[in-house]
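The values are calculated or read from the model by the stated rules, or taken from the named source; none is laboratory data. This is a predicted model, so every value here is computed, not measured. For neighbour counting, all protein chains shown are included, and Cβ atoms are generated from backbone atoms with ideal geometry for every residue, glycine included. For the accessible areas, the whole protein counts, side chains as well, though only heavy atoms, and no ligand, DNA or RNA atoms are used. Shrake-Rupley method; radii C 1.70, N 1.55, O 1.52, S 1.80 Å.
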Amino acid sequence: MTGSNGGDALVIAGREFRSRLIMGSGKFPDMETMNQAYEAAGAEMVTVALRRLNLDNPNEKTLLDYVDWSRYAILPNTAGARTAEEAIHTARLARAMGLSDWIKLEVIPDPKYLLPDPIGTLEAARALVKEGFVVLPYINDDPVLAKQLEEAGCATVMPLASPIGSGQGMVNFSQIQIIIEQAKVPVVVDAGIGAPSDAALAMELGADACLVNTAIARATDPALMARAMAMGVAAGRMAYLAGRVPRLAYASASSPLEGVVGRS
């Protein structure tokens, strides 16, 4: 399953991906189910939270031992970091481990609502870009912050559709529309997507990709939901490229009326 038709690849920091669905690695009931979901979705990039890994015991297997590195690009993330300093430390740890110079940047001080800290995110992003990281920051649907992060050198911006794990879908898509309109880097809609229709809507707006975790991992059949999400992302992308008809306040006949019997 590819993210769109033909050669319409997603390009992040010069690297091409066929799939426009990025997947998470948390909340799956087991590793076998996780890998089945990756396979079903045709995923190419998966995120891994370093703070979920037990690095104290080198003999204990971690999530990284169950992911096929030859098939999937590993995107370490700084989930669990409450400050810019903690996020920077986690990113440096990922680099020291040889995981990647790519980092999904999350700075989330509030454990209840899990909303990202805009000031801490910008501070950490600027520092990590200077250190040569490819930074993919998770943010609120804030067009001003998105532009500042782009100007700081981030490879993408990743606005939330709605709070992490909420499944609310696209709550305030007008803000994301502005981010997409202004961005010169890929826009990845991240967090809150609950169904393939949510992903399709994000892509129809012009988002470049979606990142989905909870909606897939917590589904009754994660592999089937992963496939459905991939299809939603692909359909939304094709619809965006095709160009939808404008919304009208009045009816517009689908067949021409000229020449209809009884009309003059």
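Annotations for the structure displayed:
- If you go through the stretch 180-202 and keep only what is among the acidic types (Asp, Glu) and either closer than 20 Å to Thr220 by Cβ or open to solvent by 30 Å² or more (accessible area, probe 1.4 Å) (or both), you end up with Glu181, Asp198.
- Scanning the stretch 94-109 for residues that are open to solvent by 50 Å² or more (accessible area, probe 1.4 Å) and part of a loop (DSSP other than H, G, I, E, B) yields a total of 4.
- Residue pairs whose Cβ atoms lie under 6 Å apart, sitting 6 or more positions apart in sequence or on different chains, and linking a residue in the stretch 123-143 that is farther than 19 Å from Arg95 by Cβ to a partner that is surrounded by fewer than 20 Cβ atoms within 10 Å (Cβ to Cβ) and among the β-branched types (Val, Ile, Thr), are Pro143/Ile178.
- Check on Val212, under 17 Å from Lys27 (Cβ atoms), within 13 Å of the chain's Cα centre (by Cα) and crowded, with 24+ Cβ neighbours inside 10 Å: yes
- Complete set of residues in the stretch 201-219 that are closer than 17 Å to Leu160 by Cβ and touching a helix residue (DSSP H, G or I) at 6+ places or on another chain (Cβ under 8 Å): Leu201, Ala202, Met203, Leu205, Gly206, Ala207, Ala209, Cys210, Val212, Ala215, Ile216
- Single match in Ala223, Ala242, Ala219 (criterion: open to solvent by 10 Å² or more (accessible area, probe 1.4 Å), touching a residue at least 24 places away in the same chain (Cβ under 8 Å) and farther than 14 Å from Leu10 by Cα): Ala223
- Residue match in the stretch 81-93 (condition: assigned to a helix (DSSP H, G or I), over 21 Å from Met45 (Cβ atoms) and small (Gly, Ala, Ser)): yes
- Here Met229 fits the description: touching a Leu at 6+ places or on another chain (Cβ under 9 Å), surrounded by 18 or more Cβ atoms within 10 Å (Cβ to Cβ), in contact (Cβ under 8 Å) with a residue 24 or more places away in the chain and assigned to a helix (DSSP H, G or I).
- Here Ala199 fulfils each of the conditions (1) in contact with a Leu (Cβ under 7 Å, 6 or more places away or on another chain); (2) at pLDDT 95 or above; (3) aliphatic (A, V, I, L, M) apart from (1).
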